[in-house]
Amino acid sequence: MAIKITDECINCGACEPECPNNAIYEGGVDWAMKDGTSLSGDYTMMNGDVVDADKRFEPISNDVYYIVPDKCTECQGFHEEPQCAAVCPVDCCVPDEMYQETVEELLQKKEKLHL
């Protein structure tokens, strides 16, 4: 299950540098799958769409920091817990119920992101 940032976010930015997948972006900032990963060429997203890893996407949120679910591994393979949640001073980094993934699936995603 990916992590999401709720609208209680105070935009402190503590979470962003802690993410090993560069899945966290400041509100209003475009994102790409290649950012902070070893990806290049085509990448298959969780919804089955195939995109170029360099393609820039519109921000998921314009108001607060956000997490790209396709890049979030809940820090599996890096840390024992999601680092964004561990450092968040207002506890707004919570499991995203829209993205149910097993630990095995999260580890596979990590391997794809960091070849």
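Within the stretch 77-104, residues that are closer than 17 Å to residue 22 by Cβ and among the β-branched types (Val, Ile, Thr) sit with their Cβ atoms under 8 Å from residues that are assigned to a helix (DSSP H, G or I) and modelled with pLDDT of 95 or more, at 6+ positions apart or across chains, in these pairs: 87/18. Scanning the stretch 79-100 for residues being polar (S, T, N, Q) and over 13 Å from the mean Cα position of the chain (by Cα) gives a total of 1.
Listed residues 13, 27; which is under 15 Å from the mean Cα position of the chain (by Cα), loosely packed, with under 15 Cβ neighbours inside 10 Å and either in a loop (DSSP other than H, G, I, E, B) or hydrophobic (A, V, I, L, M, F, W, C) (or both)?
Step by step, each of 13, 27 is checked, and only 13 is under 15 Å from the mean Cα position of the chain (by Cα), loosely packed, with under 15 Cβ neighbours inside 10 Å and either in a loop (DSSP other than H, G, I, E, B) or hydrophobic (A, V, I, L, M, F, W, C) (or both).
Scan the stretch 40-60 and give yes if some residue there is touching a Phe, Trp or Tyr at 6+ places or on another chain (Cβ under 8 Å), closer than 19 Å to residue 109 by Cα, aliphatic (A, V, I, L, M) and not in a loop (DSSP other than H, G, I, E, B), otherwise no. Checking the stretch 40-60: at least one residue is touching a Phe, Trp or Tyr at 6+ places or on another chain (Cβ under 8 Å), closer than 19 Å to residue 109 by Cα, aliphatic (A, V, I, L, M) and not in a loop (DSSP other than H, G, I, E, B). Taken over the stretch 61-75, the criterion of being within 12 Å of the chain's Cα centre (by Cα) and in a loop (DSSP other than H, G, I, E, B) is satisfied by 65, 68, 69, 70, 71, 72, 73, 74, 75.
Would you confirm, using the coordinates I've provided, whether residue 103 is surrounded by 16 or more Cβ atoms within 10 Å (Cβ to Cβ), aliphatic (A, V, I, L, M) and more than 12 Å from the chain's Cα centre (by Cα)? So residue 103 fails the test.
Remark: pairs (first residue in the stretch 37-59, touching a residue at least 12 places away in the same chain (Cβ under 8 Å); second residue surrounded by fewer than 10 Cβ atoms within 10 Å (Cβ to Cβ) and assigned to a loop (DSSP other than H, G, I, E, B); Cβ separation under 6 Å; 6+ apart in sequence or on different chains) = 38/115. Considered as a group, the residues in the stretch 40-72 that are among the hydrophobic types (A, V, I, L, M, F, W, C) and either crowded, with 20+ Cβ neighbours inside 10 Å or touching a Cys at 6+ places or on another chain (Cβ under 7 Å) (or both) include one that is farthest from residue 95 (Cα to Cα), and that residue is 64. What is the residue count in the stretch 31-44 for residues that are closer than 20 Å to residue 5 by Cβ and in contact with a strand residue (DSSP E or B) (Cβ under 6 Å, 6 or more places away or on another chain)? So the answer is 2.
The values are calculated or read from the model by the stated rules, or taken from the named source; none is laboratory data. This one's a predicted model, so the numbers in the text were calculated from it and none came from an experiment. Counting neighbours? That spans all protein chains shown, and the Cβs are built from the backbone with ideal geometry, glycine included.
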